[in-house]
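Notes follow the structure.
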Amino acid sequence: MSQARSHWSNRWTFMLATAGSAIGLGNIWKFPYMTGVNGGSAFVLVFLACIAIVGIPLMMCEIMLGRRAQRNPIDGMHALAQEAGSSRHWKWVGVMGLFAGILILAFYSVIAGWILHYVVEAARGSFIGMDGERAASAFQQFLASPVELALWHTMFIGMTLGVVARGVNAGLEQANKILMPSLFAILLVLLGYSMSVGDFHAALHFMFTPDFSKVTPTAVLSALGHAFFSLSLGMGAVMVYGSYLQRHVSIARTSIYIALADTLVGLLVGIAIFALVFANHLEPGAGPGLIFQTLPIAFGRMPMGTIMGVLFFVLVAFAAWTSAISLVEPAVAWITENSRLNRKQSAWLIGIADWLLGIAVLLSFNLWQDIRLLFGLGIFDTLDKLTTTIMLPLGGLCMAVFAGWYMKTSHVAEELDISPLAYRAWRFTIRYISPLAIVAIFLYLTGLL
Ligand code: PHE
C-alpha cells in the first residue's frame, strides 16, 4: 500500500499541523460562548471528560487509519476495507468526509472573514469608547452588507487555497510552522495582559468552580458534539494528515499532546476573554456575538486596548487559517491523486466551489435572510447543523466501528504499538463507548431523549 507521496518532515511538523487543524474558531469563538451560555464550569468539566473519554481514542483511531492507508480518505478507506476483507462501500465514509470539509469551509470562511474585518476595525481604533449599543449596531451593519462580507470571504478563501495549492511541505507544513508558534506567543501576551488588567479571579471562578447542578443533558450532549468539532474528528482531516505521517511516530502519544494543546488553548482563551468581560461588568452569556459584540467593548475601555484588540483578532485569524487548510486538504488530495489535474488546479476547483457556497452563506445574513432549508433553518445554520451535528459524528461513528469491529486486530495493534493493557482499553472504548456516545447524540437530536 505505498505510493510515492509527500510526508511531514518530522513528527513535530505533523503535531503542529494537526494541532493547527484542531485549534480554530471552535476553540476561540465557539467554546467560550458555549461555556457562557451553558453556565460555565459545569460545561467545562463535561467537555474535558468528553475529550478524554471519546476524543483522544477517536483521534488515535483516525490517525491510525490514515497512516496505515497512506492515501486520501476515500481511496484510503477503500484500501483498508480491502485489506480487512470487508465491503468496498466503506469508501463512502471518505466521500462524506470530503463533502463535509467543503461544506464546513463555506461557512467557516465567512466567519473567518468577519475576523479579518475585525482585525482592521481594531487597528483603526473603532473599539475606543464603544458602548453596547454601538458595538451591536456596528456588527449588524457589517452583516447587512453583502459586498463587504464577500470581500473578506474571498480573501480568506484565497489565503486558504493558496497554502493548500503549494502542497504538503511547501504549503501546509510551512504555514503551520510560522502560524502556530505565533499563535502560542500571542496567546501568552494576551493572557499576561488579561491577568494584569482583567478580573482573572472572576474568570477562574466562572470556568472552574464546579456546580454539578448545572450538568444538564443538554450541556453533556453539546459538550460531546463540540469535542468532535474541536478536535477536527470524523471528516478525514486528521486522517489525511495521518496519511502523511512516517511509520515510527507514536500515535498514542501524539494524539494526547494534540488533544492537550487543543483543550489548553480553548481554556486559556476562555480565561483571557472572561477576565476582560467580567472586569467590565459585561454579560458572559451573550452567545455567538461574544467576541464580536461584547469583547470589543472591553478592549475599547482598557489601556492598550487597540493593540491588544488587534493581537486578539490576529490570533483568531491564524487559528482559523490553519484549520481551514485541513478542511479542504482531503478533497484536494483526492482530486490530485485521482485525476489529471495537478494540486494547483485542484485547489482552484475546490476554491471556486467553496467561494460560491460561501456567497450563499453570507447572503443568508442579509438578502437571503428568509430562505429556509433543512429543519426550517437558514443557509448558514443549515450548513453548520448538517455538518457538525450530523456528518462529523456519523463519520466518527463509522470510523470507530470500522477500526473496532472490522479491521484485523493484529493490524491495528501493529499500527498503534502501545502496551497490551492500553490497547485493550482503547479497543473497548472504540468498540463500545465511542459508538454509544455518538448514538446518544443522534437520539438526542432527533428528540428521542
Ligand atoms: N477543529 C476546528 C475548530 O475547532 C474545526 C474543524 C473541524 C477543522 C473539522 C477541520 C475539520 O475550529
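The values are calculated or read from the model by the stated rules, or taken from the named source; none is laboratory data. None of these values were measured; they are calculated from a predicted model. Note that we place each Cβ from the backbone using ideal geometry, even for glycine, and neighbour counts take in every protein chain shown. Surface accessibility is based on the protein's heavy atoms, side chains included, excluding ligands, DNA and RNA. Shrake-Rupley method; radii C 1.70, N 1.55, O 1.52, S 1.80 Å.
Here is how the numbers come out for the structure above:
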quantity	calculated
Test: His281 is more than 30 Å from Val168 (Cβ to Cβ), without any contact (Cβ under 8 Å) to a residue 40 or more places away in the chain and outside any helix (DSSP H, G or I)	yes
Any hit, region 101-117, residues being free of Cβ contacts under 8 Å to residues at least 40 places away in the same chain and either out of contact with any Cys (no Cβ under 9 Å at 6 or more places or on another chain) or in a helix (DSSP H, G or I) (or both)	yes
Those residues of region 344-370 which are of a type outside the set (A, V, I, L, M, F, W, C) and surrounded by fewer than 19 Cβ atoms within 10 Å (Cβ to Cβ), in sequence order	Lys344, Gln345, Asn366, Gln369, Asp370
Ala324 assigned to a helix (DSSP H, G or I) and open to solvent by 20 Å² or more (accessible area, probe 1.4 Å)	no
Some residue of region 27-38 being open to solvent by 20 Å² or more (accessible area, probe 1.4 Å), more than 16 Å from the ligand (Cβ to nearest atom) and touching a residue at least 40 places away in the same chain (Cβ under 8 Å)	yes
Positions within region 30-76 being among the polar types (S, T, N, Q), assigned to a helix (DSSP H, G or I) and either touching a Gly at 6+ places or on another chain (Cβ under 9 Å) or closer than 25 Å to Ile111 by Cα (or both), in sequence order	Thr35
Any hit, region 143-154, residues being modelled with pLDDT of 95 or more, more than 30 Å from Thr409 (Cα to Cα), open to solvent by less than 10 Å² (accessible area, probe 1.4 Å) and part of a helix (DSSP H, G or I)	yes
Meets criteria (among the polar types (S, T, N, Q), buried (at least 19 other Cβ atoms within 10 Å of the Cβ) and modelled with pLDDT under 85) for Ser213	no
Lone qualifier among Leu373, Leu386, Leu341 - being over 19 Å from Trp152 (Cβ atoms), within 16 Å of the ligand (Cβ to nearest atom) and surrounded by fewer than 23 Cβ atoms within 10 Å (Cβ to Cβ)	Leu386
Extreme residue, farthest from Pro73 (Cα to Cα), among residues of region 252-263 that are open to solvent by 40 Å² or more (accessible area, probe 1.4 Å) and within 16 Å of the ligand (Cβ to nearest atom)	Leu260
Qualifying residue in region 54-62 (condition: more than 21 Å from Val93 (Cβ to Cβ) and open to solvent by 10 Å² or more (accessible area, probe 1.4 Å))	no
One residue from Leu436, Leu383, Leu397 being in a helix (DSSP H, G or I) and closer than 22 Å to Met77 by Cβ	Leu397
Only one of Val189, Val220, Val249 that is part of a loop (DSSP other than H, G, I, E, B) and away from the ligand (no atom under 16 Å from the Cβ)	Val249
Residue check, Leu233 touching a Lys or Arg at 6+ places or on another chain (Cβ under 9 Å) and either open to solvent by less than 30 Å² (accessible area, probe 1.4 Å) or part of a helix (DSSP H, G or I) (or both)	no
Residue within region 152-173 that is more than 23 Å from Ala353 (Cα to Cα) and either in contact with a helix residue (DSSP H, G or I) (Cβ under 8 Å, 6 or more places away or on another chain) or basic (Lys, Arg) (or both) present	yes
Residue count for region 212-248, restricted to those that are more than 11 Å from the chain's Cα centre (by Cα) and either of a type in the set (Ser, Thr, Tyr) or within 14 Å of Phe31 (Cβ to Cβ) (or both)	11
